[in-house]
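Colleague: Quick one: structure below, then a few questions.
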Amino acid sequence: MVGLEQMSLFDDIEVSTYQMNSSVLAAIDALAASSNGEDRGAVFTREEVVEFILDLVGYNAEEKLYSKRVLEPSFGNGDFLLLIIDRLLKSWIKHSGDNSTAFEELSESVRAVELHYETYENTKKSVIEKIREVGITEEVAIELSDSWLVQGDFLLANHLGNYDYVIGNPPYLRQEAIPEALLKEYRLRYSTMYDRADLYIPFIEKSLGLLKSKGTLGFICSDRWMKNRYGGPLREFVSKGFNLKAYIDMVETDAFHTEVSVYPAITIISREKQGPTRVSHRPKVDKEILKSLSKEILSQKIPDTTKVREVAGIVNANEPWLLESTDQVNLLRKIENNYPTLEEVGCKVGIGVATGADKIYIQDFAELDIEEDRKIPLVTTKDIQTGEINWLGQCVINTFNDDGGLVNLKDYPKLSRFLYLHEELIKNRHVAKKAPDNWFRTIDRVWPDLTTKEKLLIPDIKGEAHIVYESGTYYPHHNLYYVTSEEWNLRALQAVLLSSIAKLFIGTYSTKIRGGYLRFQAQYLRRIRIPKWEDVSPELRQELIDAAKKRDIEKCNKAVFKLYELNQEERSALGGNGE
């Protein structure tokens, strides 16, 4: 039997410590000892949601669960783990219940990992108590907890074995919160740790890799990876040997004990040939409602009265997963097949200037005492809240020459004096540390020509499209995206971007955040398809321009529906008839 000492990740499941230097081990220890749950990405799941996920993966107490293996890769306070054990013990009592063989029958049924020292110890006590409740002796309960529970970093564990089920809520932790040495180690081990990927991405990759044939993963976590850039490698990973069995969007539901800013989703993924996906949206977090929904999702044939849909072809290499209304997805596919992208018709999508120290580089235009040609009038989200430009008088300091190099501060004594007044803060930026000789540069180069170009300005986060026309006077701040064009009339383009067509593209491809807000980022704007300007009739051109100038969304839709030659059914799919 297993001894009574705490199981260590490093001696039981053979972490490759020889590959890890002292800074990696120190980073692991710091996270394990942290007193702040946010530092570890800890978010805890409501019981009704956990039961729902257990039902969806088929972890059913009626079956001989002790003959199966289940993994919980980040067990935290035991939201999943304790309910898993509860079902396991009910199954064992139903099919065996022999205390003399309890350890032999149950010891391999569960493996659960937790990094945080204090959380590990507290949950372990709850696990022992849960086992004792069914009449198993304290000695065996301790031995089972020692066999089941592991303290350490799941992502660095080797030889974990394979599982019939992997279930849980992986930690949601941004890269900025992961110590650099540990982040580098993760990147070496996980091909899906790409771009700005959060910690749950390698958790999903590793968990999927541990599934047996026909094994099933059930996770609740952020839905960002299903559509955005950094999720591409993980989507491709899923496409090679896995099936997205079910997707339940938990937008604005009370799935967790605390509010989260990013929308969560439940994904059920199995190691088997790809097939259609059962999809449901925003169920009420109620025990009976979720129990009924799980039966409908798992049923042989979907009932006519249900809100569950079956969608084929969602998983396609690294392409975003389109999980919205079938009618809308069909319309989007038709438009994509028939029209080129914004940039293919001569429109450029960009983002405004990032400085690394806005409090220094962004100042009041009139009051800033530096050389006039170093001051560029700046427009921010605050200047366009009404839908028109209402300039509040700010400027950004331009530290670059027209040829692209930095200015010589000897030629600009006033600018030089101002920058040296703030030298310590400026040099403390990452961009300055990276290139000390260029310590006073802004992160992004300022291109003065952009100031004089007419452009459309678009804030990142909005519930509806907020597209503002700017005639060519201001430089955009980094909280604004912009579109310029040498071919399309920008007022006509404004009508398109204000319309339901633009919202269809952004809503389909972008991630959403709490409150129903969409991300109007460059990567999603570039996906919008649009006819060539030369193919638009003079009459329709004028109709688009007039609608945009009046900011009349209904008239914008009417003109844009004509532009894309939408029939009545397609217009209805967008929530209007355009008449």
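Colleague: Over the chain, what is the relative contact order in percent, taking alpha-carbon pairs closer than 8 angstrom and at least six residues apart? The partial results should precede the final answer.
Modeller: Numbers: 1073 pairs, mean separation 67.1, N = 579.
Relative contact order comes out at 12 percent.
Colleague: Match the structure shown to one of the listed values (i) 1.16; (ii) 0.99; (iii) 1.04 of Rg/Rh (Cα atoms, Kirkwood Rh), computed from it, and give that label.
Modeller: Correct label, based on the coordinates given: (iii).
Colleague: Right, here's the next one. Mind ranking 112-121, 131-140 by how tightly packed they are, going by the mean number of other C-beta atoms within 10 angstrom, highest first? Provide the component values of the computation, followed by the final result.
Modeller: Details: 112-121: 21.0, 131-140: 15.0.
Taking the mean over residues of other Cβ atoms within 10 Å, the ranking is 112-121, 131-140.
Colleague: In straight Cα distance, which aspartates and glutamates are under 15 Å from residue 130, not counting same-chain residues fewer than 8 positions off?
Modeller: Excluding near neighbours in sequence, the set is 79, 86, 121, 138, 139, 143, 146.
Colleague: Antiparallel DSSP bridges in the chain: what percent, to the nearest 5? Walk me through the intermediate numbers first.
Modeller: On the way: 42 of 63 bridges.
Expressed as a percentage, antiparallel bridges in the chain total about 65.
Colleague: So, one more: Given +1 on the Cβ of Lys and Arg, -1 on the Cβ of Asp and Glu, and no further charges, what dipole in debye does region 117-210 carry about its Cα centre, rounded to the nearest 20? Mind dumping the intermediate values first?
Modeller: Values: 10 positive and 16 negative charges, 72 e Å.
It comes to approximately 340 debye.
Colleague: Could you compute the net charge surrounding residue 412? Neighbours are other residues with a C-beta less than 10 Å from the C-beta of residue 412; K and R count +1, D and E count -1. Before the final figure, lay out each step's value.
Modeller: Working: positive: 374, 410, 414, 417; negative: 371, 373, 411.
Summing Lys/Arg as +1 and Asp/Glu as -1 gives +1.
Colleague: Further, regarding this structure: Which of 428, 482, 377 sits closest to the plus end of the dipole of region 338-494, meaning its Cα is farthest towards the positive end, when Lys and Arg get +1 and Asp and Glu get -1 on the C-beta?
Modeller: 428
Colleague: Hey, another quick one. What accessible area per residue comes out for the chain, rounded to a whole number of Å², with a 1.4 Å probe?
Modeller: Details: 25980 Å² over 579 residues.
Value returned for the chain: 45 Å² of accessible area per residue.
Colleague: Let me ask something else. Placing one identical point scatterer on every Cα of region 346-444 and ignoring solvent, what is log10 I(q)/I(0) from the Debye formula at q = 0.10, 0.14, 0.22, 0.24 Å⁻¹?
Modeller: -0.30, -0.57, -1.23, -1.39
Colleague: Right, something else. Accessible area of the chain with a 1.4 Å probe: how many percent of it is carbon plus sulfur? Display every interim value, and only then the final one.
Modeller: Numbers: 11890 of 25980 Å².
The computed percentage sits at 46.
Colleague: Compute the distance in nm between two label points, each set 7 Å from the Cα along the Cα-to-Cβ direction, one at residue 289 and one at residue 551.
Modeller: About 3.6 nm, to one decimal.
Colleague: Identify, among 192, 537, 165, the residue whose Cα sits farthest towards the positive end of the charge dipole of the chain, taking +1 on the Cβ of Lys and Arg and -1 on the Cβ of Asp and Glu, with the dipole about the Cα centre.
Modeller: It is 537.
Colleague: Suppose R0 equals 25 Å. What FRET efficiency, 1/(1 + (r/R0)^6) with r the Cβ-Cβ distance, do residue 132 and residue 33 give to the nearest 0.05?
Modeller: Working: r = 29 Å, r/R0 = 1.16.
E between residue 132 and residue 33, to the nearest 0.05, is 0.30.
Colleague: I would also like to ask the following. Taking the C-alpha atoms of region 207-353, how large are the radius of gyration and the largest Cα-Cα span, Dmax, in Å?
Modeller: That works out to 17.2, 54 Å for Rg and Dmax.
Colleague: Would you calculate the separation in nanometres between label points at residue 324 and residue 369, each defined as 7 Å from the Cα along the Cα-to-beta-carbon direction?
Modeller: Placing both labels 7 Å beyond Cα along the Cβ direction yields 5.4 nm.
Colleague: For a quick protection proxy, order the peptides 282-293, 486-497 by their average other-Cβ count within 10 Å, most packed first.
Modeller: 486-497, 282-293
Colleague: If you don't mind, another one. Using a Förster distance of 51 Å, how high is the FRET efficiency between residue 401 and residue 282, based on the Cβ-Cβ distance and rounded to 0.05? Mind dumping the intermediate values first?
Modeller: Values: r = 53 Å, r/R0 = 1.05.
Efficiency, rounded to the nearest 0.05: 0.45.
Colleague: Given charges of +1 on the Cβ of Lys and Arg and -1 on the Cβ of Asp and Glu, with all other atoms neutral, how large is the dipole of the chain about its Cα centre, in debye to the nearest 20? Before the final figure, lay out the partial values.
Modeller: Values: 74 positive and 89 negative charges, 266 e Å.
Charge dipole, the chain, about its Cα centre: 1280 debye, nearest 20.
Colleague: Something else: Tell me the label-point distance for the pair residue 307, residue 425, using the 7 Å Cα-to-Cβ offset, in nm and rounded to one decimal.
Modeller: With each label point 7 Å from Cα toward Cβ, the separation is 4.9 nm.
The values are calculated or read from the model by the stated rules, or taken from the named source; none is laboratory data. All of these numbers come straight from a predicted model, not from anything done at the bench. Every residue, glycine as well, gets a Cβ built from its backbone with ideal geometry; the counts of neighbours run over all protein chains shown. Keep in mind that these areas ignore ligands, DNA and RNA; they rest on the heavy atoms of the full protein, side chains included. Shrake-Rupley method; radii C 1.70, N 1.55, O 1.52, S 1.80 Å.
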